[in-house]
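These notes concern the structure reproduced below.
The values are calculated or read from the model by the stated rules, or taken from the named source; none is laboratory data. These figures come from a predicted structure and were not determined experimentally. In this analysis, Cβ positions are derived from the backbone assuming ideal geometry, glycine residues included, and neighbour counts consider all displayed protein chains. Note: areas computed on protein heavy atoms with side chains; ligands, DNA, RNA excluded. Shrake-Rupley method; radii C 1.70, N 1.55, O 1.52, S 1.80 Å.
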Amino acid sequence: MGFYFIIFFFYSLRRQARASRHKAGVVVAVGRPYSDTLTHRVNDLNRNRGGGAHRHGQALVLLPPPPPSSACVRMAVSLDEKKKAFTLQKSEEAFAAAKELMPGGVNSPVRAFKSVGGQPIVMDSVKGSRMWDIDGNEYIDYVGSWGPAIIGHADDEVLAALAETMKKGTSFGAPCLLENVLAEMVISAVPCIEMVRFVNSGTEACMGVLRLARAFTRREKIIKFEGCYHGHADPFLVKAGSGVATLGLPDSPGVPRAATIDTLTAPFNDISAVEELFKTHKGEIAGIILEPVVGNSGYIAPKPGFLEAMRQITKDNDALLIFDEVMTGFRLSYGGAQEYFGITPDLTTLGKIIGGGLPVGAYGGRRDIVEMVAPAGPMYQAGTLSGNPLAMTAGIHTLKRLKEPGSYEHLDKISGELVQGIVDAGKKAGHAMCGGYIRGMFGFFFTEGPVYDFSDAKKSDTEKFARFYQGMLREGVYFAPSQFEAGFTSLAHTPEDIKKTVAAAEKVFRQI
């Protein structure tokens, strides 16, 4: 045939639902006579794998080694049948090299493990609810790529759809039909969105929505809440959460005073503080932007009546209410936090899930507001890769899965059992703890609680969290490496995953 086909077959090891797959037979040559040299090379490789080579017609086949009974072979990482000793030697070597190449060795600060100590882990592969690092350690994952992996990592249907889309190209720099499809799905799902603009990240979405709110109202000031993170754009780096909170940074150097002078802040869940800001700056405030459930100071839910009050206050003052649903969108319900709580904002930002693991963001809302965005209106915003076919494809197929009956009931059950199990285990071992969850989003703190805002969250014993975190890593459980980040469950998590996690937590709580 004049060329080689490489075909990989995977046998499923069903230790858990949607568990990892083991790399099996590989056809390395098809359609042309193979040389003895190639045969020798295959046999050499197979000896290392525990398999063998087999000639079938004009095909030279890599035979699979016997599947391991307690672990999966992932990429070039092999595990023994017995439980592998926990080591991070390869991660240490890779991270040492990374620090010479990238600031702090990472491309997003929280990955550096600054607040939990120890060795940052370099990952190799993911599947379902699991992750594997380059040392071969396996983890039950509750980070989910910081939210996008709500149907599980590397979902087969999403990967197959992406493979088909890639045959047509990875980026057009021109309109594609897939943009229409995902836009229709988003508009039909999210209560406030009548028109949407796709971008490439949550940060970009929040930048765009802030500019739009100011353009529409012709006002400059914006209210955000302490500990809430809306990306790293200059106007938002005031009392921000996420990595800013994790690293204990004040406001970032390099942000000019002029960029933040119109950013007003209030404690989350404090209605009177917001009312006071509107009185002090009457007629100057464009709107309020908030995470309807805070995820970037740890998990903090709104008090009953808080979101309703924000909606009424903005209406009374001709200001806009903006929900940053980059994290909560399609996670608390198919229509996001606004559907879950029954509060419809004027504008919404989205990200993470709507890209199914690929870079994406979006902002949208009332048609009369969003039509101000260029080229329909005068407010300029653009992006080279916005609406690219790969992100649109992954988003479309992720949302299709979420629409299946029982999806959010599964998330609710799994998250509830996880949080209740961890908090109960911690209290039984004598630790002050509190926690909460909604559907596929959860969190817990090492403090009695309750936690209603960032000042409450900071009462958590972060040193104890760091010890707990390191202990859980050794037990094969991967949480976000910061007390001030929410956790995420997925449709791929099973009751067995939860039982193993809670059992691991019980063990670690006794040790710390």
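Descriptive notes on the structure:
- Reported to the nearest whole Å, the Cα centre-to-centre distance from the range 180-223 to the range 115-163 is 29.
- Rounded if a/c under 1.5, otherwise prolate or oblate - the range 257-336, Cα gyration tensor axes: prolate
- Each part reduced to its alpha carbon centroid, the range 325-356 and the range 383-437 end up 13 Å apart.
- For G361, neighbours were defined as the other residues whose beta-carbon sits under 12 Å from its Cβ, and their charges (Lys and Arg +1, Asp and Glu -1) total -1.
- Subtracting the Cα-Cα distance of D368 and S188 from their residue separation scaled by 0.36 nm leaves 63.1 nm.
- Residue-by-residue Karplus 3J(HN,Hα) for the range 275-289, coefficients 6.51, -1.76, 1.60, Hz, glycine and proline x: 4, 5, 5, 5, 5, 5, 10, 4, x, 10, 8, 6, x, 10, 10
- The range 275-427, relative contact order in percent, only Cα pairs under 8 angstrom and at least six apart counted: 16
- With K and R counted +1 and D and E -1, the other residues having a Cβ less than 11 Å from that of D270 yield a net charge of -3.
- Prolate/oblate/rounded label for the range 349-486 (Cα gyration tensor, a/c 1.5): prolate
- Summing charges over neighbours of H397, with a neighbour being any other residue whose Cβ is under 14 Å away from its Cβ, gives -2 when K and R count +1 and D and E count -1.
- The range 87-222, accessible surface, carbon-and-sulfur percent (1.4 angstrom probe): 54
- Cα shape, the range 430-512, gyration tensor, a/c 1.5 rule: oblate
- Which listed pairs, of K400/K464; K99/K458; K90/K428; K168/K352, have C-alpha distances above 31 Å, in listed order: K400/K464; K90/K428
- Over 20 Å apart at the Cα level, from the set K427/K507; K303/K499; K114/K224; K114/K459; K221/K303, are K303/K499; K114/K224; K221/K303.
- Length gained when the stretch E506-K99 is fully extended (0.36 nm per residue, less Cα-Cα span): 143.0 nm
- Model label sites at Q381 and E463, defined 7 Å from Cα along the beta-carbon direction, differ in position by 4.4 nm.
- Value of Rg to Rh for the range 384-426 (Rh from inverse mean 1/r over Cα pairs, i.e. Kirkwood): 1.28
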